[in-house]
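Below is one structure, written out as structure tokens; comments come after it.
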Amino acid sequence: MERDITKLYDEYKEGRIDRRSFLKKLTLLTGSAAAALAVLPVLGEIDITMPAQDDDLVAEFVTFPAPKTEMKALLAYPKKEGKFPAVVVIHENRGLQPHIQDVAKRFAKEGFLALAPDGLTPVGGTPENDQNAAAERIRELNNDDTIQNFVAAVKYLKTHPRSTGKVGCTGFCWGGAMTNQVAVNSPELDAAVPYYGRTPATEDVAKIKGPIMAHYAGNDPGINAGIPEFEEELKKQKKEYQIFIYEGAGHAFNNDSNPERYNAEAAKLAWGRTVAFFQEKLK
């Protein structure tokens, strides 16, 4: 296995594969995402905290103001003149990992101004190469403050000089739940796309102003238990919404850096729907 890892690393260094492909293949070789992250420091030359550059994109770390702190985030957008509709991208409970940085850049390639905040900023930021430590730090966050930090991300994008002023929000797992909370707490939000996130409290649905597109895995009973009540209240409150359930997929099916969970068919279908939804609602 060591020789295979070395060969893969050489391909990455020589530019024959991009970083996303490298990390995905490394995960397959080592058996898990955690094992792959453990190998990275040994290789020594890969800094997963820095966004990989793309000739067609600008990708850089920035800070933006929140009520109690300055939040760190990855900002990505097309390398061309003009303004772009904006999207906040909220990570899973493992922090601002390379996968989510890559998702932000995928949105940029689709013509959006994408901001992926590090929700762990108030507790020291996302740890390098240690997803378990990131999950522990999530538990240290104040929930109300965290929601306001992501609401602040919407405000930041509303007035960003490269933004059209139209802002959507999407997130995955923990970030899906946070996306629902942003929809509840940010009247300025123009559209929301939560992926397999816990639904908001029934009494909060009335506060949602923008349209919702929610993606769920068919095999995710803990999360899916909240769907019927959520949908009933969305109908009652006459909210614009779409709900998609991907049968055969499990929780975190969009995460292509985790082969144990990734479902290519569901991820591709959900992504296409998400991009089309934002293109329509953020005009």
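The values are calculated or read from the model by the stated rules, or taken from the named source; none is laboratory data. Bear in mind that the values here come from a model prediction, so they are computed numbers and not experimental data. When we count neighbours, we look across all protein chains shown, and the Cβ atoms used for this are built from the backbone with ideal geometry, even at glycine.
Key figures for this structure:
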read-out	value
Subset tally (residues that are assigned to a loop (DSSP other than H, G, I, E, B) and either under 20 Å from V151 (Cβ atoms) or in contact with a Pro (Cβ under 7 Å, 6 or more places away or on another chain) (or both)) for region 114-125	4
Flag if G111 is over 18 Å from T199 (Cα atoms), touching a Lys or Arg at 6+ places or on another chain (Cβ under 7 Å) and either assigned to a helix (DSSP H, G or I) or in contact (Cβ under 8 Å) with a residue 12 or more places away in the chain (or both)	no
Which listed residue, of T126, T199, T159, T164, is under 21 Å from F64 (Cβ atoms) and either hydrophobic (A, V, I, L, M, F, W, C) or buried (at least 19 other Cβ atoms within 10 Å of the Cβ) (or both)	T126
Every residue from region 135-148 that is touching a residue at least 40 places away in the same chain (Cβ under 8 Å) and over 15 Å from F172 (Cα atoms)	R137, D145, Q148
Lone qualifier among T63, T69 - being without any contact (Cβ under 8 Å) to a residue 12 or more places away in the chain and more than 11 Å from the chain's Cα centre (by Cα)	T63
Residue check, G222 surrounded by fewer than 20 Cβ atoms within 10 Å (Cβ to Cβ), more than 19 Å from V87 (Cα to Cα), under 21 Å from the mean Cα position of the chain (by Cα) and at pLDDT 95 or above	yes
In region 129-156, the residues that are crowded, with 18+ Cβ neighbours inside 10 Å, more than 16 Å from the chain's Cα centre (by Cα) and closer than 15 Å to H91 by Cα	R137
Output for region 216-255, where each listed residue is assigned to a loop (DSSP other than H, G, I, E, B) and hydrophobic (A, V, I, L, M, F, W, C)	A225, A252, F253
Hits in region 38-70 (condition: modelled with pLDDT of 65 or more and under 16 Å from L96 (Cα atoms))	A59, E60, F61, V62, T63, F64, E70
Some residue of region 76-90 being at pLDDT below 95, of a type in the set (A, V, I, L, M, F, W, C) and either in contact with an Asp or Glu (Cβ under 6 Å, 6 or more places away or on another chain) or outside any loop (DSSP other than H, G, I, E, B) (or both)	no
Close pairs from region 233-245: first touching a residue at least 12 places away in the same chain (Cβ under 8 Å) and in the same structural domain as A276 (by TED's automatic domain parsing), partner part of a strand (DSSP E or B) and among the β-branched types (V, I, T), Cβ under 9 Å, at least 6 apart	L234/I212; L234/I243; K239/I212; E240/I212; Y241/I212; Q242/I212; I243/I212
Count of region 142-158 residues which are farther than 21 Å from P85 by Cα and touching a helix residue (DSSP H, G or I) at 6+ places or on another chain (Cβ under 6 Å)	1
Qualifying residue in region 231-238 (condition: surrounded by 18 or more Cβ atoms within 10 Å (Cβ to Cβ) and over 19 Å from I100 (Cβ atoms))	yes
Residues satisfying the stated conditions in region 217-254, i.e. touching a strand residue (DSSP E or B) at 6+ places or on another chain (Cβ under 7 Å) and among the polar types (S, T, N, Q)	N219, N224, Q242, N254
